[in-house]
Amino acid sequence: MATTFISYSSKDSALAMDLAHRFQKAGLNAVTEKDAAKSAKRGSTPFIDRRLNNLRRSDEFVVLLTENAITDPQISFEMGAALSLRKKITSIIVGVDADKLPPLLKPKVSIQYAETENYLSKLKKKSRVSAKTHKGATAAI
Amino acid sequence: MAEKIRALGATVWIYEKDLEGGDIIMDAIFSGIDACNEAIVLVSPDSVVSPWVMGEIGAVLVQHKRLTPILNHTKPDDIVLLKGVAAIQLNDFEQFLTQLKKRFQQQKHN
């Protein structure tokens with residue numbers, strides 16, 4: 001199943017956990033900073049490397065764009081990494097004016113937080129289609 | 001810095017010089033990063049708060065490329081995300097050039 005990387009400012013942890021919970025409820029995989037922190041405690045790989053590994057393995061990238069995120073260097077860092085890997089990026093806007101965001105964070109595809117459920121339904125549908133296509137391709141082999 | 005690196009025979013991509021009219025800035029920057037073997041980041045009081053610079057650092061590191069921070073009036077830990085990456089002071093830039101030259105020769109040899 002497709003995995004989504006959730007990028008967020010640590011000041012927005014509660015909101016990010018709510019989003020991750022919604023993903024889980026919808027039957028979708030999502031990875032957050034907390035997953036990287038948990039695995040970093042177990043292993044010797046630095047936290048940033050864990051984050052980047054999680055990002056590389058993800059199919060989609062979702063960024064929570066809040067006032068906190070705009071000034072958080074980690075968000076720009078992860079956005080740059082996601083752009084570099086040509087990930088499918090969706091920005092979830094929370095209380096900021098998308099037109100006033102810095103160019104790097106200016107979203108190509110954005111939704112408001114209130115539209116999350118609709119986004120998750122579409123993502124679930126897409127994930128099913130992709131799984132079927134993959135299954136079909138495997139069967140053809 | 002770019003001129004000194006060029007003098008070693010390396011190709012340099014630098015935003016101010018290599019961006020052409022009509023280029024989509026973001027695409028051009030990421031293509032530049034795709035094409036490079038390694039990158040340097042000038043860590044100055046301005047760049048540590050620049051979203052662009054942070055984004056470029058993320059783009060380079062996620063591609064497993066070598067990144068050398070060059071410190072100008074900053075400390076190595078001014079960019080937390082570069083923790084664990086050896087930095088060089090701007091005053092010691094010649095030291096970086098010597099190391100780069102060595103890497104360059106090794107690549108040619110291989």
Check: Which ³J(HN,Hα) values in Hz, rounded to whole numbers, follow from the phi angles of the range B:20-30 under the Karplus curve 6.51 cos²θ - 1.76 cosθ + 1.60, where θ = phi - 60° and Gly and Pro get x?
Finding: 9, x, x, 5, 7, 3, 5, 4, 5, 4, 5
Notebook entry, point to check: A:Phe5's amide H: which non-local residues (gap 5+, or another chain) put their own amide H closer than 5 Å, with H modeled 1.01 Å from N in plane and none for Pro or chain starts?
Noted result: A:Val31, A:Asp59, A:Glu60, A:Phe61, A:Val62
Check: So what is the calculated 222 nm ellipticity per residue for chain A, using -39500 (n - 2.57) for each DSSP H run with n of 4 or more, over all residues, to the nearest 500 deg cm²/dmol?
Finding: -16500 deg cm²/dmol
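Going by a ≥ b ≥ c, the root eigenvalues of the Cα gyration tensor, does the range B:15-110 fall in the rounded group (a/c under 1.5), the prolate group (a/b larger than b/c) or the oblate group?
Values: a/c = 1.65, a/b = 1.07, b/c = 1.54.
In terms of gyration-tensor shape, oblate.
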Next item on the list: Kindly state, to the nearest 0.05, the FRET efficiency for B:Glu20 paired with A:Val129, given R0 = 35 Å and r defined as their beta-carbon distance.
Entry: 0.35
Note to self: For B:Val43, what residues show an amide H to amide H distance below 5 Å, using hydrogens built from the backbone and excluding near sequence neighbours?
What the structure shows: B:Ile70, B:Leu71, B:Asn72
Checklist line | Hz values of 3J(HN,Hα) by residue in the range A:13-26 - Karplus curve (6.51, -1.76, 1.60), Gly and Pro given as x | finding: 3, 4, 5, 5, 5, 4, 5, 4, 5, 5, 4, 4, 4, 7
Margin query: With a cut-off of 8 Å between alpha carbons and a minimum separation of six or more residues, what is the relative contact order of chain A in percent?
Written below: 25 percent
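R0 = 25 Å: FRET efficiency of B:Val80 with B:Arg103, Cβ-based, nearest 0.05?
Values: r = 27 Å, r/R0 = 1.07.
For B:Val80 and B:Arg103, the calculated efficiency is 0.40.
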Next item on the list: Take the alpha-carbon centre of the range B:13-63, take the same for the range B:90-106, and report the distance between them in whole Å.
Entry: 20 Å
Next item on the list: Per DSSP H run of at least 4 residues, take -39500 (n - 2.57); add these up for chain B, divide by its residues and hand me the 222 nm value, nearest 500 deg cm²/dmol.
Entry: -13000 deg cm²/dmol
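A short reminder: the numbers here are calculations on the coordinates, not readings from a lab. Computed from a predicted structure; not experimentally measured. Counting neighbours? That spans all protein chains shown, and the Cβs are built from the backbone with ideal geometry, glycine included.
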